[in-house]
Amino acid sequence: MSDLNQLPSPKAALRQTYQMVLLSTGLTGCVTFLIIGSAIFLGLWLDRTLGNSKNIVTLVLILLSVPLNVVALYGVVRFTTRRRPPAAQHDPQQEDADHV
């Protein structure tokens with residue numbers, strides 16, 4: 001790919017797509033874990049500090065973390081897909097020539 005106008009081959013484009021999916025999946029898992037873990041940790045700490053035996057603050061924080069997770073996951077997916085290079089055009093004649 002020495003020419004800047006040349007699109008990547010279909011195999012390279014597929015590899016880049018798989019890498020993007022793995023990156024997106026890994027990031028979304030980490031972000032979800034951090035948000036929910038923080039809500040649980042902060043909720044338990046506040047319940048212990050305030051003397052709540054029914055863990056009401058923990059439950060409220062976990063429920064509030066759900067929309068926060070949705071917004072964060074949307075941002076992560078937008079971030080990873082923005083980095084994706086343009087897809088190569090599928091040319092069956094070129095594919096046949098590669099296999100000969």
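Things to note:
- Test: V57 is over 25 Å from the mean Cα position of the chain (by Cα) and buried (at least 16 other Cβ atoms within 10 Å of the Cβ): yes
- When each of G26, G37, G75 is tested for being over 21 Å from K11 (Cβ atoms), modelled with pLDDT of 95 or more, out of contact with any helix residue (DSSP H, G or I) (no Cβ under 8 Å at 6 or more places or on another chain) and surrounded by fewer than 16 Cβ atoms within 10 Å (Cβ to Cβ), the lone residue that passes is G37.
- The criterion of being out of contact with any His (no Cβ under 7 Å at 6 or more places or on another chain) and at pLDDT 80 or above holds for S65.
The values are calculated or read from the model by the stated rules, or taken from the named source; none is laboratory data. Keep in mind that what you see is a predicted model, and the values were worked out from it rather than measured. No Cβ is skipped: glycine too gets one built from the backbone with ideal geometry, and neighbour counts run over all protein chains shown.
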